[in-house]
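Asker: Sharing a structure with you now.
Read-outs: derived from the displayed coordinates by stated rules, not from any lab. If you're wondering where the values come from, they're calculated on a predicted model, not measured in any experiment. Ideal geometry is used to build each Cβ from the backbone, glycine not excepted, and the neighbour counts take in all protein chains shown.
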Amino acid sequence: MQQQLALQDVTIDFGDGPLLKNVNLAVAPGESVVLIGPSGLGKSVVLKLFAGLLKPTSGKVLVEGKDLHALPAHEQSALQLRMGMLFQKNALFDSLSVGENIAFPMREKTSLDETEIQRQVDFFLEAVGIAYAAALFPDEISGGMQKRLGIARALALRPQIVFYDDPTAGLDPITSRRIIELIQKLREEQNSTIVTVTNDMARAYQLADRIVMVADGELIITGGKAQTLANKDPRVSQFIRGKLDGPLTGRHA
Amino acid sequence: MLKPLLNVIDDIGECLIFLRLILRTAYRSPCTWESICEQTWKVSVQSTPTTALAGFFVGAIMTVQFTMQTKAFGALGYLGGLSTSATVREVGPLLIAFLLSGKVGAYTSAELGTMRVTEQIDAIRCLGANPIQEIILPRFLGIVISSFFLLAAGLIMSIFGGMLMGSVFSGINPEEYVRHIPTIVTQFSIGNGLFKCLVFALILASVCTYKGYSATGGAKGVGRAVVGTAVMTMVGIVVFDWFTSLLSETALNLFREGV
């Protein structure tokens, strides 16, 4: 399989035992992978490993075939420009307005003039449906709008690979559905590869080509919706059905 | 007993490594002049009123303290020179450093700490930018540059404070007060004051950016970063005040022997 992203025998340990142990995962170009699993067991860590924000204790993180952490800083930075990330709590720049948040990566990393940047900002604001809030600051807009802004900023440099860390956390079901539809629409438009963390199974099925469960330091690759539902692993079965009793009980962080 | 000491040594080591990273970034990929000017302006505006007020009263205190001694030796005319010299050489830089530590140091470490725990710094990296270049370097240089402006502001106000107190308390008119300032405040005194100011500003700028940048663990972590900044800068400034005083006295003695 052609790989755009890969973890090869990756172990990560923050000092109290390995969170992930010799895990392997490959993501093909244009694929949508959804990571599910109990809280605190490493879903966001997988995203941060791919994004180059965390370094594995051992093993390799490959992005477009290149070992991300073996690259010199400028090459790593160039590769990061091909990736975008929506953070769990959005990580919006609170001293910048909504419009300036989207303009930030363009001002920093492109040679576009201000007119073109403004045109791009308007385009992205329109695409995520918050054009009327351009002059407001992040703390002046709702949680759903903040998510939309986070998505717009993640996509501002038109990355080929996009990571979404819990894009529907704390949102009502209707807004959640709209956000997932927006992600899908933007994915089709940009033809991008996406890796999403969510524990909302309805949204996971809606979005995923492949579902991967993170538990016990392992990555359990379950496949699409049908394969996931039919998966025999008791941990997967317990998690997707939300059963109180089972092998995962007591392991939540 | 040993563990806290090792932690302190570890913290100092980490801070020095962080300073090296800042200086390397300044050399290899400097930030824009606009961002440095913005931060310098911000720090200066933030701290000028308190520095000026404190400078005014330092001048007044020095005048009150020196009046008795100068009167006893019949040297009241030297009051302005002595008071200003003490402010330039010692009290001014120390006072500016303490004020900046309490105000700008705490503000900067809280601001950077919040950016760290809300993942804004990670977001900057994810957008292909270098957080040291984008947010640390301008703040670092802003604090260092503005400390010189603030020293000048504090000094001018201390002369005013001294003059006022001199005429009210010591019965010395303003012209007489300033007459001996150039005699006693030598180039060496000014150089000494500027050197101390630079050293203190470097300590403050390194510690507050390091503590904020390395904050972890939500609001509690930000609180820890602010407290850590206050403690580390105060102790660092006092220790380096002693060290720079020793150094400048040695340099002065060597200079005199040479002459």
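Asker: Quick one: in segment A:73-94, which of the residues that are more than 8 Å from chain B (Cβ to nearest Cβ) and in contact (Cβ under 8 Å) with a residue 60 or more places away in the chain is nearest to A:Q160 (Cα to Cα)?
Answerer: Among residues in segment A:73-94 that are more than 8 Å from chain B (Cβ to nearest Cβ) and in contact (Cβ under 8 Å) with a residue 60 or more places away in the chain, the one nearest to A:Q160 (Cα to Cα) is A:R82.
Asker: Of the conditions (1) farther than 24 Å from A:S95 by Cβ; (2) touching a residue at least 40 places away in the same chain (Cβ under 8 Å); (3) touching a Phe, Trp or Tyr at 6+ places or on another chain (Cβ under 8 Å); (4) buried (at least 22 other Cβ atoms within 10 Å of the Cβ), A:L207 satisfies every one except a single condition; which number is it?
Answerer: So A:L207 meets the others, but not (3).
Asker: Another question about this same structure. Hey, does segment B:81-103 have a residue that's without any contact (Cβ under 8 Å) to a residue 24 or more places away in the chain and either of a type in the set (V, I, T) or touching a Leu at 6+ places or on another chain (Cβ under 7 Å) (or both)?
Answerer: no
Asker: While we're on this one: Please work out which one of (1) within 14 Å of chain B (Cβ to nearest Cβ); (2) in contact with a Ser or Thr (Cβ under 9 Å, 6 or more places away or on another chain); (3) farther than 26 Å from A:L81 by Cβ is the condition A:D139 fails and give its number.
Answerer: Only one criterion in (1) within 14 Å of chain B (Cβ to nearest Cβ); (2) in contact with a Ser or Thr (Cβ under 9 Å, 6 or more places away or on another chain); (3) farther than 26 Å from A:L81 by Cβ is unmet by A:D139, namely (2).
Asker: Can you name the condition, by its number, that A:D166 falls short on among (1) crowded, with 19+ Cβ neighbours inside 10 Å; (2) more than 14 Å from chain B (Cβ to nearest Cβ)?
Answerer: Going through (1) crowded, with 19+ Cβ neighbours inside 10 Å; (2) more than 14 Å from chain B (Cβ to nearest Cβ) one by one, A:D166 breaks only (2).
Asker: On to the next question. Taking the condition within 14 Å of chain A (Cβ to nearest Cβ), in contact with a Pro (Cβ under 8 Å, 6 or more places away or on another chain), surrounded by fewer than 23 Cβ atoms within 10 Å (Cβ to Cβ) and among the β-branched types (V, I, T), does B:I124 pass?
Answerer: The answer is yes for B:I124.
Asker: Of all residues in segment A:47-61, which are closer than 14 Å to A:L5 by Cβ, outside any loop (DSSP other than H, G, I, E, B) and away from chain B (no Cβ under 14 Å)?
Answerer: Scanning segment A:47-61 gives A:G59, A:K60, A:V61.
Asker: Continuing with this model, one more query. Condition (residue is part of a helix (DSSP H, G or I), touching an Asp or Glu at 6+ places or on another chain (Cβ under 9 Å), more than 14 Å from chain A (Cβ to nearest Cβ) and surrounded by 20 or more Cβ atoms within 10 Å (Cβ to Cβ)) applied to segment B:96-108: is it met by at least one residue?
Answerer: Yes, the conditions are met somewhere in segment B:96-108.
Asker: Could I ask something else about it? Confirm whether A:I183 is touching a residue at least 12 places away in the same chain (Cβ under 8 Å), touching a Ser or Thr at 6+ places or on another chain (Cβ under 6 Å) and buried (at least 19 other Cβ atoms within 10 Å of the Cβ).
Answerer: Here the answer is no, as A:I183 does not meet what is asked.
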